[in-house]
Each structure stands twice: as C-alpha cells, then as structure tokens.
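Have a look at the structure below, then the notes.
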Amino acid sequence: MSGRQRTPVSRLVPGLTGRGVLLASPADVEAVRTNLAADGVALAEVEGATDAMRTAQAAIARALRLPESGGRNLDALVDALRDLAVWWPEDERVVLLWHDAGRLVDADLPGFLILTEILRTATSELGPGGRIGDRQFETVAFVERHGVRTIAEASS
C-alpha cells in the first residue's frame, strides 16, 4: 500500500469487539462512520433488509460494488472479495458498514456465521504483504443485543 498507514478499525474506533468483522451497537453508527471517514477510510454501507442469508449476501455485494454473481453465489462472493482492488481502484482502505446485521443474527444465525466467516477470511487474505493492489478491508456489523455493548459502555 502507498501513503496511508494500515490502522485497524479497532484502533480507530476503540470499544468495538471482534477481528476482521467487528461488532458494534446501532447506537454508535454515527461515531463509527465519523471516525473512519476522518481517517480517510472508504465506506461501503449495507442498506435494506438483511434478515435472510441470500438477501444479506446480495446487499453486501451491492454495497461493495461487486459483480451481481457475488450476490447470488457464495463462491463468486469469495472470488469477488479477493479482487476488491478491481471494484475499489481508488481506495486502499475499505470498511463495510453492515447496518441491521442483528436481523440476520435473529433470523438465520448459521447464515450470519457463513457470511461473517467469508468477510473475515477476506480481511485476512487482502493485503497482508503490502503488494500493489492490496486492500485493507474490514467489516463493522451493527448488532442490537446479543451482548454487544455501546462504545461508551465498553470504555467504562
């Protein structure tokens, strides 16, 4: 990577939990967005209903500007994430903000775990060597309840 330091999201926004896919309270959306944008991170935001795995997968693919096949096929999603530099040529640091991720946790926990494992794997595979085309990629999943604390609660 050029110019920018690879600062993990957990350092930019203390209080979030997780690795690769960090969990945050919906109450902290603006704080997360503001801190990441202030550090020059490109934000991709998942919008819309994500209470079924395939619906969530399609919304993630749309937010990340991935090919339509990445929204329908898990293998295609994995492949498209490996090529994140193609879809985000101007941005070396991309964070996926997954709003209402808790809806999928409540409706389809196995589906949530499958998608978060794919996203977590993409985080670890993208950019570990600092090669041209590498990207820093992480996900912040906003989840209500399930033991997820607000940033203020985590820092007290």
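Odds and ends about this structure:
- Residue match in the range 25-44 (condition: of a type outside the set (Gly, Ala, Ser), closer than 17 Å to Ile114 by Cα and modelled with pLDDT of 90 or more): no
- Verdict on Gly70 being touching a helix residue (DSSP H, G or I) at 6+ places or on another chain (Cβ under 6 Å), in contact (Cβ under 8 Å) with a residue 24 or more places away in the chain, more than 23 Å from Gly15 (Cβ to Cβ) and in a helix (DSSP H, G or I): no
- When residues in the range 73-114 are screened for being among the aromatic types (Phe, Trp, Tyr) and assigned to a helix (DSSP H, G or I), 2 of them pass.
- Listed conditions (1) over 20 Å from Val13 (Cβ atoms); (2) open to solvent by less than 80 Å² (accessible area, probe 1.4 Å) are all met by Arg65, apart from (2).
- Of residues in the range 7-53 being among the β-branched types (Val, Ile, Thr) and part of a strand (DSSP E or B), the one farthest from Val95 (Cα to Cα): Thr17
- Condition met for Ala122 (of a type in the set (A, V, I, L, M, F, W, C), open to solvent by 50 Å² or more (accessible area, probe 1.4 Å) and touching a residue at least 24 places away in the same chain (Cβ under 8 Å)): no
- Whenever a residue of the range 98-111 is touching a residue at least 60 places away in the same chain (Cβ under 8 Å) and closer than 14 Å to Leu23 by Cβ, it has no partner that is assigned to a helix (DSSP H, G or I) and open to solvent by less than 50 Å² (accessible area, probe 1.4 Å) lying with C-beta atoms less than 6 angstrom away and at least six residues away or across chains.
- Count - residues of the range 1-59 that are under 22 Å from Ala76 (Cβ atoms), touching a Ser or Thr at 6+ places or on another chain (Cβ under 8 Å) and hydrophobic (A, V, I, L, M, F, W, C): 4
- Members of the range 16-33 that are closer than 24 Å to Leu126 by Cα and either among the charged types (D, E, K, R) or out of contact with any Leu (no Cβ under 9 Å at 6 or more places or on another chain) (or both): Gly18, Arg19, Arg33
The values are calculated or read from the model by the stated rules, or taken from the named source; none is laboratory data. Quantities reported herein were computed from a predicted structural model and do not represent experimental measurements. We place every Cβ from the backbone using ideal geometry, glycine too, and count neighbours over all the protein chains shown. We work out accessible area using only protein heavy atoms, side chains counted, and drop any ligands, DNA or RNA first. Shrake-Rupley method; radii C 1.70, N 1.55, O 1.52, S 1.80 Å.
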